[in-house]
Amino acid sequence: METVPARARAYVVCVALGALLCLLPLPQVRASWWAVLLLAALYAGGEQVARRRFAGTFYPVLLAGAFLLPPHAAAFVPLPGALFSVVEQRPFLLRRISRAAHLVIAVWATAQVHGALDARAAVEASDFPYVLLPAAAAVLVFCLVLATLDGGILALAEGLPLRRLCRGLFRRTLAPVAVHGLAGLMMAVLWRSPYGPVAALLVLFPMAVSWWVFAQYHRERAAHQATIRALVQAVDIKDGYTRGHSERVGQASMLIARELGMDEGRVEVLRFAGILHDVGKLGVPTRLLRKDGPLTPEERRVIELHPEYGHEITRGISFLGEARSAILHHHERIDGTGYPYGLVGSQIPECARVVAVADAFDAMTSTRSYSRARPVEVALAELQRCAGAHFDPRMVTALVRVIARDGWHPVVTADETRPTVPSPSAAPDRPGARR
């Protein structure tokens, strides 16, 4: 977003004006100004530490302000910290203004809802459990407003669908914001208690520990992603005709896994398996991968070694787990005619049966040096025809169902490379259909 479209800049200006309207009545607001300034300073300092050390943000103080202060005063709390926050990408000023405006509006709306539910008296009286329901409603509004505003700028800047962006942002942020909301409520209740603000600040210590753990998890996950990205880029460079194929297979594998009701841990493993299923091609001569004509039997035997190569390449990558068995067995077939070991039916690991269907689907819907892309409907019909013989019917049914309901919208970050003279199409049950 270094080069921001004019429409996105206009959006930021409009949102900033909306934030200004939330702050304009501030001089007339009757509030405890030392509390406002203390919370603003606490948020500014905490945000710097959270973003530099924990790769997170400091919502508990903002939500505590929404529970303690009038809406216009609460809206001021995020302003100094957001305007001077850490920004890693250009344009720095525009990003800071956008972030500040989003937070000002979100906190103002949160305080409005909390006040409308007449919950500040309950906070002052530490009236549990009555204090919980209005706080939950206010946190929900905070999350909704932020997701909508952030989704709007992303949709305009990057041309992505607004509804899907907002829904995804809301789902991803609801759980962590709910935890921050609970911490903010504890801060507010302790602030109004006889123990005062000092006791309220103690709430931040366990939050800091949780942030540290969360940051460690994200650093480890980023290292995993970097490892996978490096391997995929190496395959894409070597086999230019299938560039982007790995990411699409990973996405289709995730769709199947979620449709089958697998837990998110296995879904993530299957995404890794789909992305890395062809990593063994690093051990196959480039001239065979880029050959335009049909392969000879000898050349095909060399190509068919790539699952074993992939299994060996990923042997030392512990976080892949069962993804390694999918890499090894994704060319096995239910009827035992696949390779490398000719496994039959349930002998084939479940994760490999998922990746096999995802791989075949993308192979049929992508143009290769040896086949022309087919329409999605034709590819799904071909998978259904081969279900029970080549593919697991459960996996095929899951993919057909999810695509019929949600459509197929692959998100690929790699550049697509399309051959200019495609050969006649090849069905997945014919030699040369999937290399």
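The values are calculated or read from the model by the stated rules, or taken from the named source; none is laboratory data. The structure presented is a predicted model; accordingly, all values stated were derived computationally and were not measured. Neighbour counts are summed over all protein chains in view; Cβ atoms, including those assigned to glycine, are modelled from backbone coordinates with ideal geometry. These accessible areas exclude ligands, DNA and RNA; they are computed on the full protein's heavy atoms, side chains included. Shrake-Rupley method; radii C 1.70, N 1.55, O 1.52, S 1.80 Å.
Things to note:
- Qualifying residue in the range 330-338 (condition: of a type in the set (A, V, I, L, M) and in a helix (DSSP H, G or I)): no
- Listing of helices (runs of 4 or more DSSP H) fully contained in the range 231-298 that carry 2 or more residues being at pLDDT 90 or above: 245-259, 264-276
- If you go through the range 81-94 and keep only what is free of Cβ contacts under 8 Å to residues at least 40 places away in the same chain, open to solvent by less than 60 Å² (accessible area, probe 1.4 Å) and part of a helix (DSSP H, G or I), you end up with just 82.
- In this structure, residue 44 does satisfy being at pLDDT below 90 and more than 23 Å from residue 154 (Cα to Cα).
- Among the residues of the range 150-184, the one identified as out of contact with any Phe, Trp or Tyr (no Cβ under 9 Å at 6 or more places or on another chain), in contact (Cβ under 8 Å) with a residue 40 or more places away in the chain and crowded, with 19+ Cβ neighbours inside 10 Å is 150.
- Residue list for the range 264-316, restricted to those being acidic (Asp, Glu) and either over 18 Å from residue 351 (Cβ atoms) or surrounded by 13 or more Cβ atoms within 10 Å (Cβ to Cβ) (or both): 268, 278, 292, 298, 299, 304, 308, 312
- Test: residue in the range 294-315 that is under 29 Å from residue 408 (Cα atoms), of a type in the set (Gly, Ala, Ser) and touching a residue at least 40 places away in the same chain (Cβ under 8 Å): no
- Candidates in the range 338-367 are the residues that are farther than 22 Å from residue 255 by Cβ and touching a residue at least 24 places away in the same chain (Cβ under 8 Å); of these, the one that is surrounded by the fewest Cβ atoms within 10 Å (Cβ to Cβ) is 340.
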